[in-house]
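The values are calculated or read from the model by the stated rules, or taken from the named source; none is laboratory data. Remember, predicted model here, so these are calculated numbers, not experimental data. Counting neighbours? That spans all protein chains shown, and the Cβs are built from the backbone with ideal geometry, glycine included. Areas reflect the complete protein model, heavy atoms only, side chains present, ligands, DNA and RNA absent. Shrake-Rupley method; radii C 1.70, N 1.55, O 1.52, S 1.80 Å.
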There are 2 protein chains.
Amino acid sequence: MASSTTTSEDALRRALAERQAAVDAQAEAVRALKAAGAAAAKTEVDASVEALKALKVEAGAAARRLQAAVGAGGGGAAREEMRQAVVNTLERKLFYIPSFKIYRGVAGLYDYGPPGCAVKANVLAFWRQHFVLEENMLEVDCPCVTPEVVLKASGHVEKFTDLMVKDEKTGTCYRADHLLKDHCKEKLEKDLTLSPEKAAELKHVLAVLDDLSADELGAKIKEYGIVAPDTKNPLSDPYPFNLMFQTSIGPTGLNVGYMRPETAQGIFVNFKDLYYYNGQKLPFAAAQIGQAFRNEISPRQGLLRVREFTLAEIEHFVDPEDKSHPKFVDVADLEFLMFPRELQLSGESAKLVKLGEAVSKGTVNNETLGYFIGRVYLFLTRLGIDKNRLRFRQHLPNEMAHYAADCWDAEIECSYGWIECVGIADRSAYDLRAHSDKSGVPLVAHEKFSKPREVEKLVIVPSKKDLGLAFKGNQKMVVEALEAMSEKEAMDMKAALESKGETNFQVCTLGKDVVITKKMVSISMEKKLEHQRVFTPSVIEPSFGIGRIIYCLFEHSFYTRPSKSEEEQLNVFRFPPIVAPIKCTVFPLVKNQEFDDAAKVIDKALTTAGISHIIDTTAISIGRRYARTDEIGVPFAVTVDSATSVTIRERDSKEQIRVGIDEVASVVKQLTDGQSTWADVSFKYPSHIGPQGDQE
Amino acid sequence: MASSTTTSEDALRRALAERQAAVDAQAEAVRALKAAGAAAAKTEVDASVEALKALKVEAGAAARRLQAAVGAGGGGAAREEMRQAVVNTLERKLFYIPSFKIYRGVAGLYDYGPPGCAVKANVLAFWRQHFVLEENMLEVDCPCVTPEVVLKASGHVEKFTDLMVKDEKTGTCYRADHLLKDHCKEKLEKDLTLSPEKAAELKHVLAVLDDLSADELGAKIKEYGIVAPDTKNPLSDPYPFNLMFQTSIGPTGLNVGYMRPETAQGIFVNFKDLYYYNGQKLPFAAAQIGQAFRNEISPRQGLLRVREFTLAEIEHFVDPEDKSHPKFVDVADLEFLMFPRELQLSGESAKLVKLGEAVSKGTVNNETLGYFIGRVYLFLTRLGIDKNRLRFRQHLPNEMAHYAADCWDAEIECSYGWIECVGIADRSAYDLRAHSDKSGVPLVAHEKFSKPREVEKLVIVPSKKDLGLAFKGNQKMVVEALEAMSEKEAMDMKAALESKGETNFQVCTLGKDVVITKKMVSISMEKKLEHQRVFTPSVIEPSFGIGRIIYCLFEHSFYTRPSKSEEEQLNVFRFPPIVAPIKCTVFPLVKNQEFDDAAKVIDKALTTAGISHIIDTTAISIGRRYARTDEIGVPFAVTVDSATSVTIRERDSKEQIRVGIDEVASVVKQLTDGQSTWADVSFKYPSHIGPQGDQE
């Protein structure tokens, strides 16, 4: 938040955010209920739609109140303005650069410039420390180019799509849901002749937009006469467009490949090797950091919806019968904003909940999932994400894949609203099973029993001789069908054969029933000793959108404060030292040999200590130089004002201490490593209110 | 080298390597001379080919001598065997995994498994420290997906190709040069009826293989009756295949994109922004680490020729008129194997040369290029590359692009021969000019003069009125042609007009000569004051193939030693701590509560210190556990044999010291950070020859 924001405005903003959250929740509740599809739920759906409308009206009122408070700028406008201030600073200081800018760029592709690249490297290094090192995860690094067979097994070839319409004359493509959304919004905002019924209908469409099928979307587009926005030409029917970048592996053009849409598949296909590497013990986690690709139809939302991005993903493999976690106690006492399904469905907002309670009450499905939610919370807040603008939202039933046991998103609030930045899902055994089936390689784990266990097992023994006599060339199909019977089918047949001597039996592969007689098959339940259990592990997957986290971090870290003269607002990023792109700047106060020499000594010591820093010898005022370094979030500034000692200034408090030249590197190292706080060193070293402070 | 190698074998190997180098050099010399293309050089080429043959014979003899020394295994076979031992260990310990293995993989794609991934992360972290941090480089991070226009400007769309032939019936593709090479080699090795003339011809083809055009290659394939190796079907004529993975950006299918073949272009297109970010000062360097892609026709050479790989590239921008480097003195005294053009052309081997001399004698074109050669040498040897198997080879004139000023490859010797791992090229102004031309955005630097300089400038002022009267509709073309005259053309015209009053003038765009009279144009040289110089910077580009460096590092670090019982050979990787995937292993000597508790305390302290480690509590002998940790190159093993103190064992010497439990983390940190050597800590702490040592 900009420091100029008044308290009442803050309160209003918060109220607005809460209302908006409630609106979102209602919309999601409507979707959930629709998806449940039960006719009985219909009334409730209608009620929800009504509630939603009421909430939207209320949100509108809150927005107007905020607008009044902020003045002419307005609520949405204030958000927009704040975003512009951040984005301008980010682009001016090269945190980001639109890729291939001199060729007018490509939508949805961005470069990280020097400070952005350093922040990214720092975030990833901390991710490695916090997850891979502390949890002893097995990190892997797989290629982006992926053969089709892998992504067929995962379902991406079939299902990783958005619905698209084409301008029938020019061929320009649009996302079908975006056009319908824009149309409804514009009508609602600008068409003063709209009847209340029509308005209600349009609002309903907006509420259920994400659940419309291609046919339903197409029908609405036709009904409302929506045309291509640029040319007013008619549009094609909506059809699914696969969002993967397709390519061809090798020179023949016959081997289709894709740029991976996520890094997870590379881990799943390696499960067998990783399980052996881990001494055939569960649970264990594998992790991967890497590029992923998504060929968006028409990217919006600037830095949040891009065509290439860095993912950091963890696949934690666990026995489905035991999802407890030995270190859950370490996070059980954490308390933060959680937004479980029930609160969303009842139109309430996220609430402060203790993680231990959420798991013990069953709100969160299991300890392992809970443990990762806690670790993600610690990761994000230690990076500098504001804990008041971070919530964990549970997926509604219709948002989750059918196989998922439970699913929570870490959502961070920024000027675009609540943004999903980390997904934490219990995906059960789905992924490993899919690749087992497709590849024919069993991706399973074994549990050796300390002593063998007795189990009853169905044993079906077809008599090939008798079946051959009866069915000749069809014998093989009948044998296979008999062997494939479920326990119930087999026991029914056994009973029929024992009572009647024969029974009809459907053989799908023959497309007809055959008569099975008693001598053709023996069916029994036999007791066996089993020495181990073979099972497909469950997967708990925390998946981090690194670019989104970084963007939200930029918004949360940004503030402005007046310059000394109060003539202008200065930009500051309050990055914690761990994230800051550069840990300290060294300024010789004035240009002379003595100070330059001292700066060189410090430069060398900082380099040896591995501390990223810059030496700024430009001949501008020290105040200007401080402002320049604040604007890229450098936490400490070393001003060389004598040949023996220097001052170190902390960015946010602007306090200064005096330190001997030979101690500078070690003090900065302690501060940036997290071994000491500013308070610690302020206590130890004399504070300084020197001439250079006056110039700020 | 395997520790079992005898000294005489070593010497022979070295002799063989030298002979092979000489052979390579001759082959390159032949190519260079051919490329020079001068008829006068013909005799010399022939002489070189003869010399080459002689050297090949000699190399053969050396190989036979080595074979005799090693025994049945043989020279090439010994290399092959050594490679197999390394690769087996690498794959078994999951340093590498063939990607998508359960689907039978994809040629040329590999995963890094847990220890490989850690080594890669360590190499990249050291690269960042050694180059980006120490040299204050501007690191950027650009997307892999790249629009066609960028790669048209860089020349990749037109020229990034290999020559390919297709099986005319099945469509299977082959690299044309590979088939011809295989044919010649097989004939030479196996056809005992080969006439000496034919043998000479085949050897000549092998020597000039890389310089053959598509037509020449096609003619040879026809002449020798080479057919598809798998089917014996006839082959198509060779044609160029572009090695970039092609894709389509956005949904229309109209915007062609490629997966970048190098990271450099992302830096070049950002030059303008980066130059401003650097305060409009030269020199400065930008750096990028990222994935690059190359759709090989049929990948060979295992881990060295892959379809996706990590590059780390530096683009150092410098004033073409001043390529001195202030820190060159820091590397001038380094002495290492250099292989300049002259030595290659005269058939000699690489020689130890002092870098300072190589620059002062002009062998290396300039100080900045020399500085980077020195820094690359330090980088590679500090990683653990054997300095005796590392050489800097200068490109021969025919290997270099026409615009390049000078070019050196860091080549590392491994079982595949001398492999190019880092290219260090002075690419002059080529890349920035190419993107300036294509984009219309000037990518230039400015040098402000301290006082304005007087320069003479050509001024051509066409009289549009007179030209319009004379040429009507063609006036514009004539004006443009006049303004485009070079200084010489203009001064010639001026002289002609002054002496004769008129002159003929060719206007290309009109396709004819016109008559220009004196009043139609004024031409003069005028003195002007210039305040700055505007120029395109030169680029010096060190480009690192990270995967190749890592693979060579694995071969250089690998050795075997007998187990205590001498019953088996144990594998060891002698990684320096900076590279080691895991810095230490903690073993409780026997399973009891006291030791487990101590191990937990150490575990926690190591995690806090950010030291990657594993706790091995398996109930196998300590000797086996040491062997297991040696095999992935863990430098230090901590054995918990009491509740108060432990032993630390160094991997290669197998020496042990005794250290208090509370000191373990700090001792290991000092050792792995490079603050202390093993000798330092051995001096400080008591050495230990304990019971667990006996079990090894």
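Of note:
- Too-long pairs where the Cα-Cα distance tops 30 Å, listed order kept, from A:Lys600/B:Lys281; A:Lys684/B:Lys281; B:Lys465/B:Lys527; B:Lys451/B:Lys500; A:Lys604/B:Lys451: A:Lys684/B:Lys281; B:Lys451/B:Lys500; A:Lys604/B:Lys451
- Extension gain for B:Thr381 to B:Glu189 (0.36 nm times residue separation, less C-alpha to C-alpha distance): 65.4 nm.
- When the pairs A:Lys472/A:Lys528; B:Lys327/B:Lys669; B:Lys93/B:Lys583; A:Lys488/A:Lys518 are compared against a 23 Å limit on Cα-Cα distance, A:Lys472/A:Lys528; B:Lys327/B:Lys669 fall above it.
- Whether the protein assembly as shown is rounded, prolate or oblate, judged on the alpha carbon gyration tensor where a/c under 1.5 counts as rounded: rounded
- Annotation: the antiparallel percentage among DSSP beta bridges lying fully within the range B:582-684 is about 55.
- Compared with the dominant Cα axis of chain B, that is its longest principal axis, helix B:75-92 is turned about 70°.
- Think of the axis that spins chain B onto A; the B residue whose C-beta lies nearest it, and the distance in whole Å, is B:Thr247, 2.
- Comparing the full protein assembly with the isolated chain, the residues of the range A:74-113 losing at least 50 square angstrom of accessible surface (1.4 Å probe) are A:Leu94, A:Phe100, A:Ile102, A:Tyr103, A:Asp111.
- The Cα atoms of the range A:357-404 give a gyration tensor whose axes a ≥ b ≥ c have a/c of 1.5 or more with a/b greater than b/c, which makes the shape prolate.
- The relative contact order of chain A, computed from alpha carbon pairs under 8 Å that lie at least 6 residues apart in sequence, is 12 percent.
- Accessible area of the range A:161-242 divided out per residue, in Å², using a probe of 1.4 angstrom: 54 Å²
- Cross-link partners of A:Lys591 among aspartates and glutamates, defined as those whose alpha carbon lies under 12 angstrom from its own and excluding same-chain residues fewer than eight positions apart: A:Asp616, A:Asp641.
- Label-to-label distances for A:Pro686 across copies, nearest first, come out at 4.7 nm, using points 7 Å from Cα in the beta-carbon direction.
- In order through the range B:123-134: 3J(HN,Hα) via Karplus (6.51 cos²θ - 1.76 cosθ + 1.60), integer Hz, x for Gly, Pro: 4, 5, 5, 5, 4, 4, 5, 6, 9, 4, 6, 5
- In the range B:155-288, a dipole from Cβ-located charges (positive for Lys and Arg, negative for Asp and Glu) runs towards its positive end, and of B:Pro234, B:Gly257, B:Gly155 it is B:Gly257 whose Cα lies farthest in that direction.
- In this calculation the C-beta distance from A:Ala199 to B:Asn398 is compared with R0 = 60 Å, giving a FRET efficiency of 0.20.
- In the complete set of protein chains, residue-level accessible area for B:Lys500 is approximately 150 Å², probe 1.4 angstrom.
- Cα long-axis angle, helix A:196-208 against chain A (0 to 90 degrees, to the nearest 10): 80 degrees
- Neighbourhood charge, 14 Å Cβ-Cβ cut-off, centred on A:Leu510 and excluding it, Lys, Arg +1 and Asp, Glu -1: +1
- Rolling a 1.4 Å probe over the protein chains gives B:Asp409 an accessible area of about 10 Å².
- Taken as Cα centroids, the range A:234-256 and the range A:471-534 sit 45 Å apart, rounded to the nearest whole angstrom.
- Alpha carbon centroid spacing (whole Å) that separates the range A:261-315 from the range B:330-360: 46 Å
- In this structure the amide hydrogen of A:Asp406, modeled in the peptide plane, comes within under 5 Å of the amide hydrogens of A:Asp426, none closer than 5 places in sequence on its chain.
- Helical mean residue ellipticity (222 nm; -39500 (n - 2.57) per DSSP H run of 4+; nearest 500) of the protein assembly as shown: -12500 deg cm²/dmol
- Test item: A:117-128 mean partner chain Cβ contacts at 10 Å: 3
- Heavy atoms of A:Thr193: accessible area, 1.4 Å probe, square angstrom to 10: 120 Å²
- Charge context of A:Ala121, other residues only, Cβ under 11 angstrom, K/R +1, D/E -1: +1
- Exam field: B:Asn388 pseudo-label spacings to other copies (7 Å along Cα-Cβ), nanometres: 6.8
- Couplings 3J(HN,Hα) for the range A:468-473, derived from phi with the Karplus relation 6.51 cos²θ - 1.76 cosθ + 1.60 (θ = phi - 60°), are x, 4, 7, 10, 6, x Hz, where x marks Gly and Pro.
- Here B:Glu134 yields copy-to-copy label distances, from shortest upward, of 3.2 nm, the label point defined as 7 Å from Cα along Cα to C-beta.
- Net length available on complete extension from A:Glu335 to A:Ala107 is 78.1 nm, with 0.36 nm assigned per residue and the Cα-Cα distance removed.
- Interface B-A: total buried accessible area of about 6100 Å², 1.4 Å probe, protein heavy atoms only.
- Estimated dipole of the range B:501-593 in Debye, rounded to 20 [Cβ of Lys and Arg +1, of Asp and Glu -1, Cα centre]: 360 debye
- Rolling a 1.4 Å probe across the protein heavy atoms gives the range B:273-371 an accessible surface of 40 Å² per residue.
- Here the Karplus relation 6.51 cos²θ - 1.76 cosθ + 1.60, evaluated at θ = phi - 60°, turns the backbone of the range A:401-410 into coupling constants of 5, 4, 7, 6, 7, 6, 7, 10, 10, 7 Hz, with x for every Gly and Pro.
- Only aspartates and glutamates eight or more places from B:Lys222 in sequence, or on another chain, were considered; those with a Cα closer than 12 Å are B:Asp237.
- Contact order for the range B:338-492, expressed relative to its length and based on alpha carbon pairs under 8 Å spaced 6+ residues apart, stands at 14 percent.
- A Förster radius of 56 Å combined with the Cβ-Cβ distance from A:Ile689 to A:Lys457 puts the calculated FRET efficiency at roughly 0.10.
- Per residue, in Å², the accessible surface of the range B:451-535 once ligands and nucleic acids are set aside, probe 1.4 Å: 66 Å²
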